[in-house]
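The values are calculated or read from the model by the stated rules, or taken from the named source; none is laboratory data. None of these values were measured; they are calculated from a predicted model. As a convention, Cβ positions derive from the backbone with ideal geometry for all residues, glycine included, and neighbour counts pool all protein chains shown.
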């Protein structure tokens, strides 16, 4: 998980720097594991039935990431990776390990 | 409002022209209200923009400053004398970071493609430090974007073009794709132009000065091009286009059609097309030739001798000798000395034609100067249509055509029908020039490509010559009569004054030689002190000042430009890596400077040998 957090942060830096090609490759690479992490967290939320707001937020983050990727909105992608995805990954680390 | 006021005050102080242009533009500009004022989580302002039902944030919504710092970190290692071309001003934070990484030898040329963004930034962000920074050149769409090219041209030269870098602010390439492509293409164009200019200068160095020396005398007896332009400008040319006839292979197809435009258009024939025009009995107004080494066989037709010609001061001297009609001179490149004399005589009206490198681009610039609102291009293939390089009057020989093609460095471009066609690198550069010109002048001038073949020139209107003449040639004018009415530049007394000045050139050369010898000595002493490590003495500082002043030699002695032509190879060799070779020490640079100055002394000798070309023409 540490590695994924690091990858997300490094990718965000590349995006802020407009190093598109390298950054896009990274986004493609981490998109699937991030999706899996969110999926796992949603499953936990559903089991516990107490994390409705978090679930909604995480789904929204994922949706925004995919949308900004499609629109090539490089700054939004960077913000999501730097501030939101890393937070989700840290939550995963805490809850699931 | 305080921020806006502060920014405007600094603009007024530091960039009054930009402020004036901005205010003038804003009076007529209706904002579309696409720009949204946003703040990041730390309360920093940044602009966002609505496009395609999506809000695009032009900086980080969390921490705009941090994002800008990261961008700057990627460009920490900026080399001395490097020039950066930045697409997008944004909120100014990235600009500030790049400037932090620069020193006084660098320039940052910023092009903001969205005026609304800059207006919001002026209101909400204190950018007075950026406005104040003399290393910044700010270009704003709709305000001064027409200067973009001249700023790129002015900041790029043979010594620094490898250090030219293009940066794009995040998001700008997606939001302003077309303008971004245009910006990048412009920079690539000027990079190529630097190399081509260098090769051209090396190849034509001697011929250029010989021609100028020869034609200077003729200039005093003929007319400055500005006089012809003024005359034609007197006429309202509505319904009368300028037609520029070039010698591309497609000219064979439609040259006869030009008959229908006689008297209803101002027809300019470029040198290689002149024979084809007279052979087909086309009445045209002027010929134009700007090449310093044009093949004289192109003018071998008696009927051409009296056709008025537009020339550069450096145009082929053989043509001037042979020609018997009116000649109109542009005095741009190489005309510094003549201009100095004219200024001394209190006369500063002259014309220096813009050029994109070819005679046809100069012809377009001429037509624009004359005030024509429609320009029709004919025979402007800019490609090897059907494997041929020229109209049949220039080259009928298949074998020659094949060899011509083999000698050129070929590339492929799209033709007017959407297929690919072969061209060479030089013509590819001209295609870009025409496309740029058509785009830049689109509000004032319509450029029609009526070649009916060859490369597709973007931003032009493609049609047949028949259609173009039918739609555009609606009125009539006797341009030939107007041309004959153009006055000569000088009266006899003024001519005598010019001739007298010409006779004083040898004295000026003696003074220049002496100064160059002194400069060499200064460099030698400077190098000695530098080697001995005596760099804080008064003598060292005095010499440092002196060697810095040597660079302005061309400004002090207007003949220097002509003399330097003989020294171009030495100049290029000595300066090619002067900014890029990090191992060069001050002593090495001084050695190179000495080599250049010695080269100039040698060049004076060669110039003196050629000087009789001018002096022998003067009346006794």
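Just for helices (runs of 4 or more DSSP H) wholly inside the stretch B:36-141: which have at least 3 residues that are within 14 Å of another protein chain (Cβ to nearest Cβ), closer than 29 Å to residue B:155 by Cα and free of Cβ contacts under 8 Å to residues at least 40 places away in the same chain?
Numbers: elements: B:64-73, B:93-100, B:115-124, B:128-132.
Correct list: B:64-73.
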Looking only at the stretch B:489-517, which residues are more than 30 Å from residue B:229 (Cβ to Cβ) and within 32 Å of the chain's Cα centre (by Cα)? B:508, B:509, B:512, B:513, B:515, B:516
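Just checking, which of B:132, B:123, B:76 is farther than 20 Å from residue B:186 by Cβ, in contact with a strand residue (DSSP E or B) (Cβ under 9 Å, 6 or more places away or on another chain) and modelled with pLDDT under 95? I'd like the intermediate steps shown before the answer.
Numbers: B:132 fails: in contact with a strand residue (DSSP E or B) (Cβ under 9 Å, 6 or more places away or on another chain); B:76 fails: in contact with a strand residue (DSSP E or B) (Cβ under 9 Å, 6 or more places away or on another chain).
Answer to the selection: B:123.
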What's the number of the only condition in (1) part of a loop (DSSP other than H, G, I, E, B); (2) at pLDDT 90 or above; (3) under 19 Å from residue B:273 (Cα atoms) that residue B:355 fails to meet? (2)
Having 3 or more residues that are modelled with pLDDT under 90 is the bar; report the strands (runs of 3 or more DSSP E) wholly within the stretch B:410-508 that clear it. B:410-414, B:420-424
Return the residue satisfying two criteria in turn: it lies in the stretch B:214-227 and is touching a helix residue (DSSP H, G or I) at 6+ places or on another chain (Cβ under 7 Å) and under 21 Å from residue B:354 (Cα atoms), and of such residues it is surrounded by the most Cβ atoms within 10 Å (Cβ to Cβ). B:215
Any residue that is more than 14 Å from every other protein chain (Cβ to nearest Cβ), surrounded by 21 or more Cβ atoms within 10 Å (Cβ to Cβ) and touching a helix residue (DSSP H, G or I) at 6+ places or on another chain (Cβ under 6 Å) - is there at least one of those in the stretch B:191-205? no
Residue B:12 meets each of (1) in contact with a helix residue (DSSP H, G or I) (Cβ under 6 Å, 6 or more places away or on another chain); (2) buried (at least 19 other Cβ atoms within 10 Å of the Cβ); (3) away from chain A (no Cβ under 14 Å) with one exception, condition (2)
Is one or more of the residues making up the stretch A:19-26 within 11 Å of chain B (Cβ to nearest Cβ) and either over 26 Å from residue B:94 (Cβ atoms) or in contact (Cβ under 8 Å) with a residue 12 or more places away in the chain (or both)? yes
Can you spot a residue in the stretch B:307-327 that is touching a helix residue (DSSP H, G or I) at 6+ places or on another chain (Cβ under 9 Å), within 19 Å of residue B:243 (Cβ to Cβ) and outside any strand (DSSP E or B)? yes
Take the conditions within 14 Å of chain A (Cβ to nearest Cβ), within 16 Å of residue B:87 (Cα to Cα) and in contact (Cβ under 8 Å) with a residue 60 or more places away in the chain and apply them to residue B:166. Does it pass? yes
What helices (runs of 4 or more DSSP H) lie completely within the stretch A:37-97 and have 1 or more residues being more than 14 Å from chain B (Cβ to nearest Cβ) and either in contact (Cβ under 8 Å) with a residue 12 or more places away in the chain or more than 14 Å from the chain's Cα centre (by Cα) (or both)? A:52-71, A:86-95
On the basis of being under 27 Å from the mean Cα position of the chain (by Cα) and crowded, with 24+ Cβ neighbours inside 10 Å, does residue B:293 make the cut? no
With the requirement that a residue be at pLDDT below 80, crowded, with 17+ Cβ neighbours inside 10 Å and more than 22 Å from residue B:196 (Cα to Cα), what does the stretch B:554-591 give you? B:589, B:590
Identify the single condition in (1) touching a residue at least 12 places away in the same chain (Cβ under 8 Å); (2) out of contact with any strand residue (DSSP E or B) (no Cβ under 6 Å at 6 or more places or on another chain); (3) assigned to a helix (DSSP H, G or I); (4) away from every other protein chain (no Cβ under 14 Å) that residue B:219 does not satisfy, given that it satisfies every other one. (2)
